[in-house]
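One structure is given below, represented as structure tokens, and several questions about it will come after.
Derivation of every value follows stated rules applied to the coordinates shown; laboratory data play no part. Source: prediction; values computed, not measured. Neighbour counts run over all protein chains shown; Cβ positions are idealised from the backbone, glycine included.
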């Protein structure tokens, strides 16, 4: 990396001060809020890019209506079934007036990927995700400490089998490989020693329990530290590594900005993240307010996950889909909430797409279109073909729908559901 | 039916089909005209989830210790469908007898891995990743090679009959499709247009690459392949299949036969049957599961012959572990170790291979492992033309399981 590439990286992370119209607002809404309505786009244009980035990542001024939604959901939460829990989380994503917190929670769910398939108890997964929601915006170190004590995580990565005389390295390995440092930034000895430091971090009756009797109090050496290290020391040692900033900061960049940052950019993002004390909210605000964020290579560069696709469409069009049915469809498309495919989470990008999931995405679009009847979208987008073709094009595709499609929809005066389905199926609609 | 075996009948049916004398075949031939991949090998994996009781599947009927260990559950020698002087099939697998007689059923005894793990999850993970070390289980043995089946087909690898992706298929460069039923490929309507008009509109909207670049162009191409796939499956669905039993296993293998018949470039199809965790009252459930399995596999073989694909398809049947030699006090069996795997298909060298010892005092509680499952895997991967060394770390002997 050259001095020039570092300068370019700093410039890429500088606050964006270019043109800021509805297309830019729509881009910001897709990346911070799943998507947004025409009113939300116009509101944001008024704010300008810097204030808009802060606004969309802050709690709303008035949460009373959303609080009533959450109150109504509360009795269901005790059900402890996967279907209901998925449905509740989708409802949060659909109804939260500032769904950034749900989007970031989804990011962390993919990062600390834990699945009910092994954990068995859905309520433990729900509690884990509640914790990710509560701590996800703050210092990453607190999040890692909490996840290390999280009952679902302990079950998932065999914490109870990690005992003084029989260390089990499953959690220690994933902590370094997948949660903080990435491959190549630690040694096998580091893993073994870290496993010893986490001995006795057990789960009992759905709660974390430190079992002092099974904790190895002996001296350990890892990542340049020595002493009678405990799990907290391992976490601190991992976060001290520049690799941690690069690994986690880089992943945030690829989720929020675009999938192909160069090494200098990752270095710059990592340094900022680490030097801020791993302040996740501050980093995300920098990212979604940056020049890199509004660059041509960032626009429509990310293949939407099934959840992003569905929630984004519903929010953009003010649709109220049946969340139980939606959860089922999303599982079919490869994204079952609370059940990521492995500890590595969802691979994302093009791996979402195959013959079956593309047909499934086009069919998800049909389902949302069928549900549009009688919903506010009809009033918002008008029933005259000339009106709704343009309105849907603006709402879903920033006015960039393929010409042949627009012509076909206009020529045949197709109804709103048909137009909606087609616009929501096109390749561009799969991209954020 | 003197002298005329069921297989002869099937063979003549296949010949009739080749001559265009069976209903449906003309339709299928039209659907397949000019389609490549009709000669490529196909592996169908059938996973029995829960730990199938191998001793009551391939029964060591001549071993007194087996009968002593299982006063309630043992199958009497008279009821066993004898394969050799030592072992035979559970009577619920009677449908497989013709397959055996044709030399198309291979049984490998005592398959497992060193230091058996009795956790369903962990043991399945070992079978799925083909590794016993504690590397992060992020890639499966079949996912690892899924990107290499480059004949251009839309469905080189697929999960069939359900939508959950087993770890065995994880790690592919593009997520492996999970196909619950043919219905998953039916393009739904949004209500305003006829089905064909709406499909035409979608094709206009989604599949053109002109004017698109980057990810959008990639998706447009993938859409074109997906719609083509849907069209072919619709055609093949019209010609129908017959003889599959009701139930999940029958439906899954029926769908697998249709996918193979549709010439979508399929090389690996993955099917599962659950319910094998028989800790209690095993005689109430296990024979039923085996009957569904045997009837479905036999119907699958017959259908492959009928549609002219029998020479290129091998089916592997495995479970994450076997069960203990001794039955428990609840009329069931607990988690064990070594277990038989079954191989079916014309390319299979029929017979019983592998080895289990006499189940007397020399053997403690489990059937020991004598053949590493990864030897079975590498043998099958070689046959598929897939890079076995990539999918299965380490060195494992090839076995003479195929002709």
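Set the Förster distance to 41 Å, then compute FRET efficiency between residue A:208 and residue B:186 from the Cβ-Cβ distance, nearest 0.05.
Given R0 = 41 Å and the Cβ-Cβ separation, E is 0.30.
Over segment A:306-430, what is the relative contact order in whole percent, taking alpha-carbon pairs under 8 Å and six or more residues apart?
Relative CO of segment A:306-430 lands at 29 percent.
Roughly how crowded by other chains is peptide B:223-236, in terms of the mean Cβ count from those chains within 10 Å of each of its Cβ atoms?
Partner-chain Cβ atoms within 10 Å, mean over residues of B:223-236: 3.
Hey, could you get me the Stokes-Einstein D for segment B:56-178, Kirkwood radius over alpha-carbon pairs, 25 °C and 0.890 mPa s, rounded to whole µm² s⁻¹?
139 µm²/s
Right, something else. Quantify how strongly other chains surround peptide A:295-305 by giving the mean number of their Cβ atoms within 10 Å of each of its Cβ atoms.
1
I need two numbers for chain A: Rg to one decimal and Dmax as a whole number, Cα atoms only, in Å.
Cα only, chain A: 22.8, 78 Å (Rg, Dmax).
While we're on this one: Can you tell me the length gained on complete extension of the stretch residue B:64 to residue B:349, counting 0.36 nm per residue apart and subtracting the Cα distance?
99.7 nm
Within 10 Å of each Cβ of A:364-372, how many other protein chain Cβ atoms are there on average?
Per residue, the number of nearby Cβ atoms from other chains is 3 on average.
Let me have the 222 nm mean residue ellipticity of chain B computed from DSSP H runs of 4+ only, each contributing -39500 (n - 2.57), with the sum over all residues rounded to the nearest 500.
Only helices count here, giving -10500 deg cm²/dmol.
Rounded if a/c is under 1.5, else prolate if a/b beats b/c, else oblate: with a ≥ b ≥ c from the C-alpha gyration tensor eigenvalues square-rooted, which is segment B:58-128?
Oblate is the answer for segment B:58-128, as a/c is 1.5 or above yet b/c matches or exceeds a/b.
While we're on this one: On a full-extension model of 0.36 nm per residue, what is the gain between residue B:213 and residue B:395, subtracting their alpha-carbon distance, rounded to one decimal in nm?
Computed gain between residue B:213 and residue B:395 is 61.1 nm.
Between residue A:328 and residue B:39, take the C-beta separation as r, use R0 = 45 Å, and let me know the FRET efficiency to the nearest 0.05.
0.70
Would you mind calculating the relative contact order of segment A:57-128 from Cα pairs under 8 angstrom and at least 6 residues apart, reporting the percent as a whole number?
36 percent
Is it possible to state the helix-based mean residue ellipticity at 222 nm for chain A, with each DSSP H run of 4+ residues giving -39500 (n - 2.57), the sum divided by total residues, to the nearest 500 deg cm²/dmol? What is it?
Only helices count here, giving -17000 deg cm²/dmol.
Follow-up question, since we're still on this one. I want the antiparallel fraction of DSSP beta bridges within the protein assembly as shown, as a percent rounded to 5.
50 percent
Moving on to the next point. What is the log10 of I(q)/I(0) for segment A:55-186, computed with the Debye formula using one identical point scatterer on each Cα and no solvent, at q = 0.22 Å⁻¹?
Here log10 of I(q) over I(0) equals -1.38.
Sticking with this structure for a sec: Between residue A:42 and residue B:330, with labels modelled 7 Å along Cα→Cβ, what's the label distance in nm to one decimal, could you check?
6.5 nm
What are the radius of gyration and Dmax of segment B:147-248, computed over its Cα atoms and given in Å?
So, for segment B:147-248, Rg and Dmax equal 15.8, 49 Å respectively.
Roughly speaking, what is the stretch gain from residue B:118 to residue B:195, that is 0.36 nm per residue apart minus the C-alpha to C-alpha distance, in nm to one decimal?
Additional length available on full extension: 22.6 nm.
Same structure again: Which shape class applies to segment A:306-347: rounded if a/c is under 1.5, otherwise prolate when a/b exceeds b/c and oblate if not, where a ≥ b ≥ c are the square roots of the Cα gyration tensor eigenvalues?
Note, shape of segment A:306-347 comes out prolate.
Moving on to the next point. When 1/r is averaged over all different Cα pairs and the result inverted, which Kirkwood radius in Å belongs to the protein assembly as shown?
28.9 Å
Now, a different point. I'd like the FRET efficiency for residue A:262 and residue A:50, computed as 1/(1 + (r/R0)^6) with the beta carbon distance as r and R0 of 25 Å, rounded to 0.05.
With a Förster radius of 25 Å, E is 0.50.
If you wrap a convex hull around the C-alpha atoms of chain B and split its volume per residue, what is the figure in Å³?
Each residue corresponds to 155 Å³ of Cα convex hull volume.
Using the 2.2 N^0.38 Å rule of thumb for compact globular proteins, work out how segment A:306-430 stacks up: its C-alpha Rg over that value, please.
1.09
For segment B:36-189, what does the relative contact order come out to in percent, with C-alpha contacts under 8 Å and a separation of six or more?
Relative contact order of segment B:36-189: 15 percent.
Short version: what are the Cα gyration tensor semi-axes of segment B:221-371, square root of 5 times each eigenvalue, largest first, in whole Å?
36, 17, 14
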